[in-house]
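The values are calculated or read from the model by the stated rules, or taken from the named source; none is laboratory data. Everything quoted here is computed from the prediction, not taken from an experiment. Note that each Cβ is placed from the backbone with ideal geometry, even for glycine, and that neighbours are counted across all protein chains shown. Side chains are part of the model used for accessible areas, which takes the heavy atoms of the whole protein and leaves out ligands, DNA and RNA. Shrake-Rupley method; radii C 1.70, N 1.55, O 1.52, S 1.80 Å.
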Amino acid sequence: MHFRTQLATVVLAAILGCALASEADVLELSDDDFSTRVAEVETTLVMFYAPWCGHCKRLKPEYAKAAELLRDDDPPIALAKIDCTEAGKETCGKFSVQGYPTLKIFRNGEVSQEYNGPREAAGIVKYMRAQVGPSSKDLLTVEALEAFLAVSEPAVVGFFKKESDLKGVFLKYADKMREKLRFAHSSAAEVLAKHDQTDAVLLFRASNLHNKFEENFLKFDGSDVGELTQFVRQNLHGLVGLRTRDSVSEFQNPLVVAYYNVDYVKNAKGTNYWRNRVLKVAKEFKGKLGFAISAKDEFQHELNEYGYDYVGDKPLVLARNQDNQKFIMKDEFSVENLQKFAADLLAGDLEPYIKSEAVPEKNDGPVKVAVAKNFKELVTDVDKDVLIEFYAPWCGHCKKLAPVFDELGEKLKAESGVSIVKVDATANDVPPQFEVRGFPTLFWVPKDNKSKPVKYEGGRELEDFVKYIAKHATDELDGFDRSGNAKKSEL
């Protein structure tokens, strides 16, 4: 028993030691030393947090890892944190911190800007390194160029024998995009000779994504910042880009994505085995369809949107067309099956996937139940005004609203021109014109303008709903005047 107690103590100490070590590179600040400590380093990222905050708890290990990676940087970058509920109350108030975590960048002790970058370690490091020094690194030797390009990230490099308009365009773009991309330039003769350039801007693709189906770099042929912006945007990810949580917005529909065990750190060979097969197909559809690969574990939320909880050893291919409709390649992954799927997607010959509950067998209550499969019938195609609630089964506010909504449906069930509808937005696809970001969200859908639903921002009591509907109904209600007052029955 004594041995077990000792062993448990040792294990606990080791765990605590690891936890403490992981936080060792993050400065813990307070009201007493905040101003002094943030002025010690030219660039400091500060996390304003609360110990009870779930988002803060999730960020802390990534933040600590980023601090460790930045520890030996030159010029130095410090990562700090301050507890807004205890030792940092005054400081947090001074900087108008209203939510947690809030991150701000300080330069020479003064707040410079809000931090709007990624919330994982590698992204934090990349974003903060872009904040220090010049936006473009000056490469003096071929070795420096090769080392710069060896990193598994894309880069934009300028080659300039002398000052030029193109160099000015390049530097202006680098200043604008320093937080998103890596930039370097050179005027060294040996570097210019390496790529046989004297006045040019080249876009180099990430070294781990080099392949036999496309060039490793492309030359910019334009002359202004707008053209350079467009050039990089169109070519950055190549034929088959590596789509991550941070780069999702850089990929546009129509897009075909292969989800599998993408891991360029532990299994680059296996990752490229499948990517090369996607590349072979992507080359046939260049300029018509976009292609990408994504790590299945990183995008489980997207797989769930298509009804998948698990992906096997072979890639699962999912797609969206220009109208953001969803499609699934149901056949087992192969080059031939992917070719056919892409061709059918482009031709409009595929049946869209719709996440939907089953259509209710009985739906004759005062509040109609919509699912994705009958949404058009009950909401967008019906010749009625519709008040619709998008809810989540676990939402407390939705549960509170439910009896009021039922009472509203009962009160208006005799109105032939109005329908009260509800839909579980967690179990059914929601049409894009309905922007649902929280629960419950309600929309008023006029019968003469179904394409432009109006978000309901009124009160949540029965009288509030009745007055709103009476006022906005396309045709005056039978039982209520425009003010929401019940009409008197004629004898």
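Rolled with a 1.4 Å probe across the full set of protein chains, the surface gives His210 an accessible area near 80 Å². The accessible area of Asp138, taken with all protein chains in place and a 1.4 Å probe, comes to roughly 80 Å². Cα centroids of region 207-266 and region 303-348: how far apart, whole angstrom? The distance from the Cα centre of region 207-266 to that of region 303-348 comes to 20 Å. Put a plus charge on the Cβ of each Lys and Arg, a minus charge on the Cβ of each Asp and Glu, and nothing anywhere else: the dipole of region 371-491 about its Cα centre is then about 280 debye. Among the listed values [x] 23.8, 76; [y] 26.8, 97; [z] 28.8, 101, the one computed from these coordinates for Rg and Dmax of the Cα atoms in Å is [z]. Heavy-atom accessible area, probed at 1.4 angstrom with all protein chains present, ranks Lys126, Lys81, Lys455, Lys330 as Lys330, Lys455, Lys126, Lys81, highest first. When only the Cβ of Lys, Arg, Asp and Glu is charged (+1, +1, -1, -1), the dipole of the chain relative to its Cα centre reaches about 620 debye. With every protein chain in place and a 1.4 angstrom probe, the accessible-area ranking of Tyr308, Tyr264, Tyr127, largest first, reads Tyr308, Tyr264, Tyr127.
Neighbours of Lys326, meaning other residues whose beta-carbon lies under 12 angstrom from its beta-carbon, give a summed charge of -3 when Lys and Arg score +1 and Asp and Glu score -1. Considering only alpha-carbon pairs that sit under 8 angstrom and 6 or more positions apart, the relative contact order computed for region 210-322 is 37 percent. Relative contact order for region 340-383: 29 percent, from Cα pairs under 8 Å spaced at least 6 residues apart, divided by residue count. For Leu140, the accessible surface of its heavy atoms amounts to roughly 120 Å² (probe 1.4 Å, protein chains only, rounded to the nearest 10).
Think of it as helices only: each DSSP H run of n ≥ 4 in the chain is worth -39500 (n - 2.57), and spread over all residues that comes to -10000 deg cm²/dmol at 222 nm. Between Ser112, Ser135, Ala206, the Cα set farthest toward the positive side of the dipole of the chain (charges on each charged residue's Cβ, about the Cα centre) is that of Ala206.
For the full complex of protein chains and a 1.4 angstrom probe, list Tyr391, Tyr49 by accessible area with the highest value first.
Most to least solvent-accessible, the answer reads Tyr391, Tyr49.
Looking at region 373-421, none of the trypsin sites (Lys or Arg not before Pro) sits in a DSSP loop with at most 10 other Cβ atoms within 10 Å of its own Cβ. On a 31 Å Cα-Cα criterion, which of the cross-link pairs Lys65/Lys212; Lys373/Lys411; Lys326/Lys384 come out too long? Going by Cα-Cα distance, Lys65/Lys212 fall outside the 31 Å limit. Remind me, relative contact order of region 22-181 in percent, using alpha carbon pairs under 8 angstrom and six or more residues apart? Normalised by residue count, the contact order of region 22-181 is 27 percent. Picking from Phe480, Val151, Tyr173, whose Cα lies most toward the positive end of the charge dipole for the chain (charges on Cβ: Lys, Arg +1; Asp, Glu -1)? Towards the positive end, the residue furthest out is Val151.
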